[in-house]
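Notes follow once the structure below has been shown.
The values are calculated or read from the model by the stated rules, or taken from the named source; none is laboratory data. On a predicted model such as this, the values are computed, not experimentally measured, just so you know. The area values use the complete protein model at the heavy-atom level, side chains included, leaving out ligands, DNA and RNA. Shrake-Rupley method; radii C 1.70, N 1.55, O 1.52, S 1.80 Å.
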Amino acid sequence: LEFRRVLFRSPIHTGTGEIAEGVFRSWLEGFLPARYGVTSGYIISPGLPASTPVRHFDVIIYDKLEAPVLWRENNLDKSTQGMHRPIPVEHVLAVLEVKSTLTRDSAEKAISKLHELDTLMSGVDDEDELYPIYLSKRFVCGVVFFRVDSNASGRIMNSFVDPGLRGFIGGIVLSI
């Protein structure tokens with residue numbers, strides 16, 4: 001409902017995707033216990049080669065009590081949850097990609113985006129590792145869609161059948 005309200009209230013916006021992301025991050029921040037932070041941003045790992053680009057993700061859920069603030073970048077939606085933040089890999093609990101509409105193309109793009117985490121999911125650090133390189137064993141990832149394209153077919157869901165992502169929890173559609 002908030003997605004539709006913001007979408008129709010805003011005469012000029014950069015796209016429904018950014019609105020969906022901002023609305024979802026705001027809702028999630030209010031829903032989760034205070035220990036957990038919600039941001040868009042980057043996952044920082046000492047194990048990534050310097051030549052590897054740091055990737056941006058729509059929603060990162062992290063341990064807010066333990067994660068240091070490395071820096072912040074303002075985002076177009078200007079909310080606290082809209083700031084881009086780098087989160088050290090050891091504090092990241094989940095990554096979600098947010099799409100405004102479920103289509104074959106958006107589903108494939110979301111899965112492809114989550115595969116940018118492959119390097120960070122290719123191993124598991126020892127429990128006593130001082131400088132973790134990989135996402136934790138309890139890490140999860142998934143996709144959130146706000147609505148379904150009326151022309152969409154059931155075959156779209158094939159994108160979510162074993163995409164080869166560790167901790168993949170699937171996709172969820174918030175409204176029809």
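Under 13 Å from the Cα of K99, which aspartates and glutamates turn up, not counting those fewer than eight places away in the same chain? Within the straight-line limit of under 13 Å, K99 reaches these aspartates and glutamates: E18, E21, D58, E108, D149.
Largest accessible area first, the listed residues T52, T39 line up as T52, T39 when surface is computed with a 1.4 Å probe on the assembled protein chains.
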